[in-house]
Amino acid sequence: MSLYADIIVDITAKNLDKTFQYIVPVQMESEIKEGMQVDIPFGSSNKVINGYVISLKDTPDFDVSRLKNIIRINHEKTYVYSELIMLAAWMKDNYGSSMAAALKTVLPVKRHMEVKKDRYLFLNISEKEALDLLSQYENKHYTARARLLKYIISNSGTKEKTALKEASVTKSNVNDLLKREVIKESSKPDYRNPVKNQENSKYSIILSDEQKNIADDIINDEENKKAYLIHGITGSGKTEIYMEIIADGIKNGKQSILLIPEIGLTYQNVKRFYERFGNKVTVINSRLSAGEKSDQFLRAEKGEVDLVIGPRSALFTPFSNLGYIIIDEEHDGAYKSEITPRYHAVNTAIQRALMCNAKVVLGSATPSLESYNNALKGEYKLYKLNKRMNNGKLPTVHIVDMREEFNRGNRSIISEKLKALMKDRLNKHQQIMLFINRRGYESFVSCRSCGEVIKCPHCDVALSEHNGKKMVCHYCGYETKSITKCPTCGSKYIGGFKAGTQKIEKLVANDFPEAKIMRMDADTTKRKGSHERIVESFSKGEADILIGTQMIVKGHDFKNVTLVGILAADLSLYSPDFRGNERTFSLITQAVGRAGRSSDDGEAVIQTYSPDNYSIVNAASCNYEGFYDEEIAFRKLMDYPPFTHMLMIIINSRNEMDALLTGDLIKGTITSLIGKDALVLGPASPLVGKIKDVYKKVIYVRTIKYDTLKDIRKGIDDFLAKNRMPKDVGIVYDFDPLTY
Ligand code: ADP
Ligand code: ZN
Ligand code: ZN
C-alpha cells in the first residue's frame, strides 16, 4: 500500500487552499505524520522547497505517474508551526472555513517582518555577575568594553544608539558583548513589563489547603481529562491556583498561555503576574500593533518568555513546549470569534492541548452551561471553591420590584432602597458602583402612544438618540435630526424610553450634588488608555460613584466599593435568544461580586421588573447550581444546547431576493442530505436584517451530533461549487453560535 500526502507549500502565499499531492516514499511511511515539514521538488525546475503535510491518504487524487516523491522529512525543524498548522486544519474542518482563513487566524501576522531599525540592549546576566565582569575588564584595561558594560548595567533596555553615544564606544564593542552573551538585544524597549526587576521578589502568598489540593491534582492528574474546570465565586482564590500551576510548568520547562477576556486585561489584573514571574511574562492585547504582537510571539518562540497573557488570539502563541492553557472567565462570550473561522477558544484550546499534551484549565464563577454540563458528564474534572479568601463575605443582596416602585409613584430610575443605601455609603466615604446594561446617553426612540420605533433606513435597527439633538445608527453611522412628533400617529409623546449611563449620571448628580461621579462606557473609553485611567482613578478613590456598562463589572477589584446597584437587570433577559437567562445570571453574579470584596458590609441592589425570574433570584443568592438546574431543564425541554448542536448559516447579499433564493436552495440541500435528522429553521431575517445595505438571511440547523453539522456544511459547499449561484452572495458558517 502506498501513501500520498497533501502538502501546503507556502504558508504566506495568497492561495492557501491549494495543496499539492506527493508520493510518500516507502522508507518514510512509518515515520511521516500530518503537520510535519518536508522538502519537496517543486514546479518544472524541481526547485527544492519546504512544505507542510496537511493530510495523508491511501489513494491518490491524481494520476500517480504525474506525482513526485517527497525528498525528506525535516525532523530538526521546530514543530510548533506544524502544530499550529494542524490546528488550523482542524479549525477549517470543525468551523467550516477555508484553510486560508484558518491559517490567517492561527498565524495572524507575517512572520518575516521587516528588520527593525532600532535595537535595544539589555543586561543578560545578573547584576552581580556583571559587576564582577566589569572589574575584570577594568583590570585588563578593556576600557571601551568596560565603559559599555558599565553603561548597560545602569541602563538596561537602552537604545543602542544612545549607548554608543553615552559610552562612546563603537558597534563592534556592542557586537562583542552580544556574542559573549553578556548583553542581549531586542527590537523593542521592554515597556510591556511595568514592574521592572521583580524577578527575584519573594512571593508571599501561601496557598490554602483547598487551593493547594486543586493545583496539585491538576498538575499530577494522569486521567487525561479534556479540561479541568474550577468553579469558584469571585475572590475565592482561582487566580492564585493558576499561578501555582504556571510556576510548576516553568519549573519543568513548560510554558503557559493564560486567556483573559480583553476587557479584563488591565494593568491591575496583570500586575500580579508580573510581580510573581517578572520578565518571564508578556501580555498581548488589542492595543498592541501587529508588529508588537508578532514580537511577543517571536519572544515566545525563542523561549524568552514562559507565560503569555492575552485575549482569545493568544491561544496561538507559538510555544514549543506548551504545558498549560488556562482560560479565566471561561463563560465569557469574547472567547467566541466573530470572524471566520468562528472558533470557540475553549474547544480550540482543548484541541491544541491534545496535540501537544498540554492541560486545559477553565475557571469561572458562572461556568457556561456547556462547560458545567461537560463537567457533570465527566468529560471535564470539576473543582469547587465556595468561600472567599481572607474571610471575605458575600454581599447582602436586595431585589427591588420596580413595578411596585412605579405604582407607589416613584418614577425615577433609582429605587428608594438604592437611594437610601447610596446616601449611607456616601456618608461613610465608601464607594458605589451603578451598573446598567447598555451604553451612552442614548436609547431607542419610540412612541408611547402607538409603539412606533424609529429605525435606520439602511440597517433595520433602532436609532439611538444623542443629547436630544440627533439620532444615530450604531451599525452604519447614519444620522438624522431628532423628531418631536411621531411620524406614524402624530403623538408628541415620542422619545428615548430607557436611560443610558449618561442620563443616569445626570440623575445621580441631581440627587447627590456633593458626590464625585465617574462614568465608564464605550463613549468614555474610546481613547487609548482611557479605560485604565478610569479604573486607576476610581480605585484611588478619586470618585465616589462609578456608573457604567458591562465594562465595570468584569474583573476589577475595587477595595472600597461596598455598594453595587444593578439598575435594569431585565435588559439582557429579553434578548431574543435562548441564552438570555444565562447571560443575565452571569452578569448579575459578576456585578454583585464587585461589592465588598474586602469588607463586611457589602450590599447589592438588583432593580427588576421580573423579581421572580430564576436567573435573578439565583444570582441574588449566589446559587449557581440552583440556576443550572432550572436552566438545564429548560434547555432539555426545548432541545437547545447543550442537548443539541446548532449551525447558523448566514447568507449575505445586496439583493434581498438573491439572498432568499440561495437560502431556499441551501435549505433544500440540507433536507435532502439528512432528511428528518435535523431541525431546520429559516431562511429568515435576523434581528438586524440589513447592514450597510447588505441583506442577511439566516438558517438555523439543530442536530444531536456535531459531526452531522460538519457533514451538512460539506454538503452545502459541494452544492455551491457545482451550481451557479448569484454572484454577489456570501455564506458564513457559525457553529454553536453565541450571538444572533
Ligand atoms: P479569584 O481569581 O477567584 O477572583 P483571587 O485568586 O484573585 O481569586 O483571590 C482573591 C484575593 O484573595 C486576592 O487578593 C488574592 O491575593 C487573595 N488570596 C488568594 N489566595 C490567597 C491565599 N492563599 N492567602 C492569602 N491571600 C490569598
Ligand atoms: Zn406614534
Ligand atoms: Zn444603519
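Checking ARG425 against (1) within 30 Å of MET648 (Cβ to Cβ); (2) part of a helix (DSSP H, G or I), which test does it fail? Single failed check for ARG425: (1).
Scan the range 183-204 and give yes if some residue there is over 14 Å from PHE122 (Cα atoms), modelled with pLDDT of 90 or more and touching an Asp or Glu at 6+ places or on another chain (Cβ under 8 Å), otherwise no. Within the range 183-204 (the criterion being over 14 Å from PHE122 (Cα atoms), modelled with pLDDT of 90 or more and touching an Asp or Glu at 6+ places or on another chain (Cβ under 8 Å)), the answer is no, since none of the residues qualifies.
Okay, residues lined up against (1) under 12 Å from the mean Cα position of the chain (by Cα); (2) farther than 21 Å from LEU265 by Cβ; (3) in contact (Cβ under 8 Å) with a residue 60 or more places away in the chain; (4) surrounded by 22 or more Cβ atoms within 10 Å (Cβ to Cβ):
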residue: ASP328; (1), (2), (3), (4): yes, no, yes, no
residue: HIS331; (1), (2), (3), (4): yes, no, yes, yes
residue: ALA334; (1), (2), (3), (4): yes, no, yes, no
residue: LYS359; (1), (2), (3), (4): no, yes, yes, yes
residue: LYS381; (1), (2), (3), (4): no, yes, yes, no
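Taking the criterion of being of a type in the set (Asp, Glu) and either buried (at least 17 other Cβ atoms within 10 Å of the Cβ) or without any contact (Cβ under 8 Å) to a residue 24 or more places away in the chain (or both), the residues of the range 643-675 that qualify are ASP658, ASP664. Scanning the range 437-489 for residues that are within 16 Å of ligand 2 (Cβ to nearest atom), assigned to a strand (DSSP E or B), of a type outside the set (Val, Ile, Thr) and modelled with pLDDT under 80 yields a total of 5. Pairs are defined by a Cβ separation below 7 Å, a sequence spacing of at least 6 or placement on different chains, a first member in the range 70-93 that is modelled with pLDDT under 85, and a second member that is surrounded by fewer than 20 Cβ atoms within 10 Å (Cβ to Cβ) and assigned to a helix (DSSP H, G or I); the pairs so defined are VAL80/GLU301. Among the residues making up the range 676-701, those that are among the charged types (D, E, K, R) and either part of a loop (DSSP other than H, G, I, E, B) or free of Cβ contacts under 8 Å to residues at least 40 places away in the same chain (or both) are LYS676, ASP677, LYS692, ASP693. Among the residues of the range 645-657, is there at least one that is among the hydroxyl-bearing types (Ser, Thr, Tyr) and either modelled with pLDDT of 90 or more or closer than 20 Å to ASN94 by Cα (or both)? Yes, the range 645-657 contains at least one residue that is among the hydroxyl-bearing types (Ser, Thr, Tyr) and either modelled with pLDDT of 90 or more or closer than 20 Å to ASN94 by Cα (or both). Look at the range 464-493: where a residue is of a type in the set (A, V, I, L, M) and a partner is more than 9 Å from ligand 2 (Cβ to nearest atom) and at pLDDT below 85, sitting 6+ places away or on another chain with Cβ atoms under 7 Å, you get MET471/VAL445; MET471/ILE454; MET471/LEU463; MET471/SER464; MET471/GLU465; VAL472/LEU463; VAL472/SER464; VAL472/HIS466. Contact map, the range 531-545: residues that are in contact (Cβ under 8 Å) with a residue 60 or more places away in the chain and over 20 Å from ALA509 (Cα atoms) paired with residues that are assigned to a helix (DSSP H, G or I) and among the aromatic types (Phe, Trp, Tyr), Cβ distance under 6 Å, separation 6+ or inter-chain. Pairs shown: GLU532/TYR267.
Number of residues in the range 502-557 that are under 27 Å from the mean Cα position of the chain (by Cα), modelled with pLDDT of 90 or more and in a helix (DSSP H, G or I): the value is 1. Restricting attention to the range 53-101, which residues are among the charged types (D, E, K, R) and assigned to a strand (DSSP E or B)? Result: LYS57, LYS68, ARG72.
If you filter the range 279-293 down to residues that are in a helix (DSSP H, G or I) and at pLDDT 80 or above, you find that the one that is nearest to the chain's Cα centre (by Cα) is LYS293.
The values are calculated or read from the model by the stated rules, or taken from the named source; none is laboratory data. The structure displayed is predicted, hence computed values, not measured ones. Using ideal geometry, Cβ is built from the backbone for each residue, glycine included, and neighbour counts are taken over all protein chains shown.
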